[in-house]
Amino acid sequence: MQLTAKHQEYWSRNLRITAILLAIWFVVTFVVGFFARELSFDFFGWPFAFWMGAQGALIIYVVIIWYYARYMNNLDREYDVHEGDE
């Protein structure tokens, strides 16, 4: 099956947003945890590393999932590959 230019553009935009969101996930999950001792400033009255481990990372994960779903729905509509009766 030969991919058209439209399919290749759709796939490249999909891979680009996935890579960006995975990079954000990696920073939130591993980089902040690795440098937790150096991140010793207060954030909402709590040490930043503790806040990120307890709540911040989970909030960011939910935002990443929400943004990806919203972005892909819009991208699917733009390239006319969406599902449903909308």
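The values are calculated or read from the model by the stated rules, or taken from the named source; none is laboratory data. Keep in mind the model is a prediction, meaning the values are calculated, not measured. So basically every Cβ, Gly included, is an ideal-geometry build from the backbone, and we count neighbours across all protein chains shown.
Quick notes on this structure:
- Helices (runs of 4 or more DSSP H) fully within region 2-86 that include at least 1 residues being touching a residue at least 60 places away in the same chain (Cβ under 8 Å) and among the basic types (K, R): 5-26.
- Verdict on L58 being closer than 22 Å to Y71 by Cα, out of contact with any helix residue (DSSP H, G or I) (no Cβ under 7 Å at 6 or more places or on another chain) and surrounded by 10 or more Cβ atoms within 10 Å (Cβ to Cβ): yes
- In region 24-67, the residues that are modelled with pLDDT of 85 or more and touching a Leu at 6+ places or on another chain (Cβ under 6 Å): I64
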